[in-house]
Amino acid sequence: MEETKLLSCNEDDLEIAAKLLRDGKIVGIPTETVYGLGADATNSKAVESVFKVKGRPADNPLIVHISGMDMLERIALDIPDLAYKLAEKFWPGPLTMVLKKRDTIPGVTSGGLDTVGIRMPSHPIIKRIIELAEIPIAAPSANISGYPSPTTAEHVMNDMTGKISVVVDGGRCHYGVESTVISFDDSQTIRILRPGCVTKEDLEQIYKTVIIDDAVLNEVTNQSNVCSPGMKYKHYSPKANIVIIDGSFDCFKKYISHHNGENVYSLIYDRESKDFPYQHLTYGNNSDEQAHQLFEKLRELDKVGAETVYVRTPEKNGVGLAVYNRLIRAAGFEVIKL
Ligand code: TXA
Ligand code: MG
């Protein structure tokens, strides 16, 4: 078993990380959304090992991270004007655009598709590492496939110790949920494949026709007809059985009073804690805070030995849609409406 070292974010350590990436190694890297498992996106062997350490299905493509617009044109083809407009507004930042790929990106990286998801992150550490390595970096979230995404270096260490050479410690991620993934149906429509902190409302300020793909809120039943392969798989899921309860706080309390038990926990809003007599954790008071805390709290629920977790539902608009999208997958689509 390989020893996994924690690197700091000084220039010397970032140079070590960049060198490892150039040599085809995998590096745990902080971004403003979640930590990623970075590898040279143009190196099939390196990318194959990312799929292996994550236990990720080969048909689920990776997002490629770039540090400048020159890199975009090295990896994508036929880039629509609308993509440039969105890049101007939202890059660097938590937006991934699915575009036609060039041959510089091998099929392993794109899960066999002729498109590639591309994002220019704003976090100074990943940005600097890409600049130093001078290669586009493929990076899925740095969790074991199916488990909640990591938002601290410690989470990455928990999942990846002995499997990768280094993790760069950049502290807690700012947003806490993964980027918004969009595609362009034609030049007329933006389709949200995965909601994130660049919201539908944000995108509508740049372009009027924005639709939310069916797979964002519904379980995928027809496996062959899915725009974003990631939506097919169970996700973000701790060991505990997660159940979303959709209703008022009073109804929620009454429900828990009938379903309480030794390893039963609730995940509620901070402000509700003082009026809630049952075992619980809280995950903030609004959608931004919930996005920031969600994955960390799901991991904490495993630590305390929760077997069943009832979750107070988040909002379903703005950033709340991203939180809800992760939660319904963690819950295997189990939502109780009161
Ligand atoms: O914020 C993020 O996006 C993080 C950080 C590390 O950048 N990365 C991340 O990667 O969340 P991952 O691999 O966990 O999720 C990538 C998602 C999957 O749902 C995948 O199916 C979708 O993006 N995706 C990637 N390339 C695609 C493509 N060519 N077409 C459709 N969906 C794509
Ligand atoms: Mg992921």
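The values are calculated or read from the model by the stated rules, or taken from the named source; none is laboratory data. Note that the structure is a prediction, hence the values are computed from the model and not measured. Using ideal geometry, Cβ is built from the backbone for each residue, glycine included, and neighbour counts are taken over all protein chains shown. Areas reflect the complete protein model, heavy atoms only, side chains present, ligands, DNA and RNA absent. Shrake-Rupley method; radii C 1.70, N 1.55, O 1.52, S 1.80 Å.
Odds and ends about this structure:
- Whole-angstrom gap from the stretch 43-64 to the stretch 245-289, using each part's C-alpha centre: 38 Å
- Links that overshoot a 31 Å alpha carbon limit, given the list Lys52/Lys297; Lys52/Lys200; Lys52/Lys89; Lys45/Lys297; Lys45/Lys100; Lys19/Lys101: Lys52/Lys200; Lys52/Lys89; Lys45/Lys297
- Whole-number Å³ per residue for the convex hull built on Cα positions in the chain: 128 Å³
- Heavy-atom SASA rank of Ser49, Ser179 (probe 1.4 Å, accessible area, largest first): Ser49, Ser179
- For the stretch 241-337: rounded, prolate or oblate by the Cα gyration tensor [a/c cutoff 1.5]: rounded
- Equivalent ellipsoid dimensions for the stretch 7-145 as semi-axes, Å, which come from the Cα gyration tensor, largest first: 21, 18, 13
- Whole-Hz couplings from phi, Karplus 6.51/-1.76/1.60, listed for the stretch 312-318; x for Gly and Pro: 5, 5, x, 4, 10, 10, x
- Residue-by-residue Karplus 3J(HN,Hα) for the stretch 254-263, coefficients 6.51, -1.76, 1.60, Hz, glycine and proline x: 4, 4, 5, 4, 8, 10, 6, x, 4, 9
- When shorter helices are ignored and each DSSP H run of at least 4 residues is given -39500 (n - 2.57), the per-residue value for the chain at 222 nm works out to -9000 deg cm²/dmol.
- Taking amide H atoms as placed 1.01 Å from N in the peptide plane, the amide H of Thr96 lies under 5 Å from those of Thr180, Val181, Ile182, each 5 or more residues away in sequence or on another chain.
- ³J(HN,Hα) computed for each position of the stretch 102-113 - Karplus, 6.51 cos²θ - 1.76 cosθ + 1.60, integer Hz, glycine/proline x: 8, 5, 4, 9, x, x, 4, 5, 9, x, x, 7
- Taking all protein chains together and rolling a 1.4 Å probe, Ile125 ends up with roughly 10 Å² accessible.
- For the chain, relative contact order (Cα pairs under 8 Å, six or more residues apart, normalised by length) works out to 20 percent.
- Solvent-accessible area per residue in the chain equals 42 Å², computed with a 1.4 angstrom probe and all protein chains kept.
- Extending 7 Å from Cα along the Cβ direction at Glu272 and again at Thr189 yields two label points whose distance is 3.6 nm.
- Split the accessible area of the chain by element, probe 1.4 Å, and carbon with sulfur accounts for 47%.
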